[in-house]
1. Among the candidates 14, 77, 19, 23, which residue alone is of a type in the set (A, V, I, L, M), closer than 19 Å to residue 111 by Cβ, surrounded by fewer than 21 Cβ atoms within 10 Å (Cβ to Cβ) and assigned by the TED database to the domain that holds residue 127?
2. Within region 110-136, track down each residue that is under 9 Å from residue 158 (Cα atoms) and touching a Gly at 6+ places or on another chain (Cβ under 8 Å).
3. State which residue is nearest to residue 285 (Cα to Cα) when the search covers only region 218-247 and only residues that are in a helix (DSSP H, G or I) and open to solvent by less than 30 Å² (accessible area, probe 1.4 Å).
4. Pairs please, first residue from region 99-121 and touching a residue at least 24 places away in the same chain (Cβ under 8 Å), second anywhere and of a type in the set (Lys, Arg) and part of a helix (DSSP H, G or I), Cβ atoms under 6 Å, 6+ apart in sequence or on different chains.
5. Determine, yes or no, whether residue 172 is among the aliphatic types (A, V, I, L, M), at pLDDT 90 or above, under 22 Å from residue 268 (Cβ atoms) and open to solvent by less than 10 Å² (accessible area, probe 1.4 Å).
6. Residues in region 26-60 that are in a loop (DSSP other than H, G, I, E, B) and either in contact with a Cys (Cβ under 8 Å, 6 or more places away or on another chain) or crowded, with 21+ Cβ neighbours inside 10 Å (or both): how many?
Amino acid sequence: MTQRTVLVVLFDGVQSLDVTGPVEVFTGAGLCAGDTRDGYLVRTASLDGGPVRTSSGLTLVPDSALADAPAPHTLLVPGGHGTRGQDPELTAWLREHGPHAQRLVSVCTGAIRLAEAGLLEGRRATTHWAYCEKLARDHPGIDVDPDPIYVRDGHVATSAGVTAGIDLVLALVEEDLGREVALTVARHLVVFLRRPGNQAQFSVQLAAQAARREPLREVQQWITEHPAGNLSVEALAARARLSPRHFARAFQADTGLTPGKYVERVRIEHARRLLEDTSDGVEEISRACGYGTPEAMRRAFVKVLGAAPAEYRRRFHPAPAAPAGTSSRHIHPHR
């Protein structure tokens, strides 16, 4: 195994967390790996080698100019307000050097820079949810998926906003150095090992619009508070005092989701939280979330998250703290 060079591109207006999150993960992984030959050499570079000012006002001093930077195994482009305008010189550098990297990574709106350099053409990608529509409109040759927190397409990996970059880099570390190293880094940073890439960027309540009409807003709230209840269109329509047909049309018009899709997402979200935060059995959780049977919940999880409930819990249920008086090599996450 050889040391992998990670080059993080810096520019004015970069989002500081898009830089520091991945850098902390890669650097921590190298320390955990022990032998420096198995870890990462992390370097930062700006076009001219000069300091850059982040979108939050911090000043970052790069290691070098891009022209003097070592050829990277992993080339990472962060996002931030600085990606909103054109940057022909940086785009030209990415167009020339990007194809030579063994792995291309973007965090948040860094995908816009990769797209402008032609590096996402014909690929599936994502970015911060607020910019997915723009990315798809400006670059129709890219298959933009607004839902996942990150997307892997061959050697190219793109992530959603800010903290999703940490999830993506933890997944890369697990691939490079193994699950134990990734888990140790995750525990040290007090995050879970990683969320699956196809987990939604935000909760159902954020993803769906709040209904304009009061009766429909009340139904939305009732669904959220009663995932195990009778959530058929007929039952929900009765609560809104509308006919099932009128209710279904009005609900989709106001929220952007059909009643069935909204219910599905609420139940999945509720089940995820119970799997993460409790020790309840899968059968008990399936009943509490309105699935009725573990098999029905398993099918829903595989369809939406790409992982069965047991696998989901294995990834995200926090490990128990070490008993008093015993030692542990790991820092365990706290809720």
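The values are calculated or read from the model by the stated rules, or taken from the named source; none is laboratory data. Quantities reported herein were computed from a predicted structural model and do not represent experimental measurements. Quick reminder, even Gly has a Cβ in these numbers, built from the backbone with ideal geometry, and neighbours come from all protein chains shown. Heavy atoms of the whole protein, side chains included, go into the accessibility calculation; ligands, DNA and RNA do not. Shrake-Rupley method; radii C 1.70, N 1.55, O 1.52, S 1.80 Å.
1. Matching residue, one of 14, 77, 19, 23: 23.
2. Passing the criteria: 110, 111, 127.
3. Among residues in region 218-247 that are in a helix (DSSP H, G or I) and open to solvent by less than 30 Å² (accessible area, probe 1.4 Å), the one nearest to residue 285 (Cα to Cα) is 223.
4. Cβ pairs passing all conditions: 117/95.
5. no
6. As a first pass, look at region 26-60 and keep what is in a loop (DSSP other than H, G, I, E, B): 34-35, 39, 47-51, 54-58.
Filter again for either in contact with a Cys (Cβ under 8 Å, 6 or more places away or on another chain) or crowded, with 21+ Cβ neighbours inside 10 Å (or both), leaving 39, 54.
Result for region 26-60: 2.
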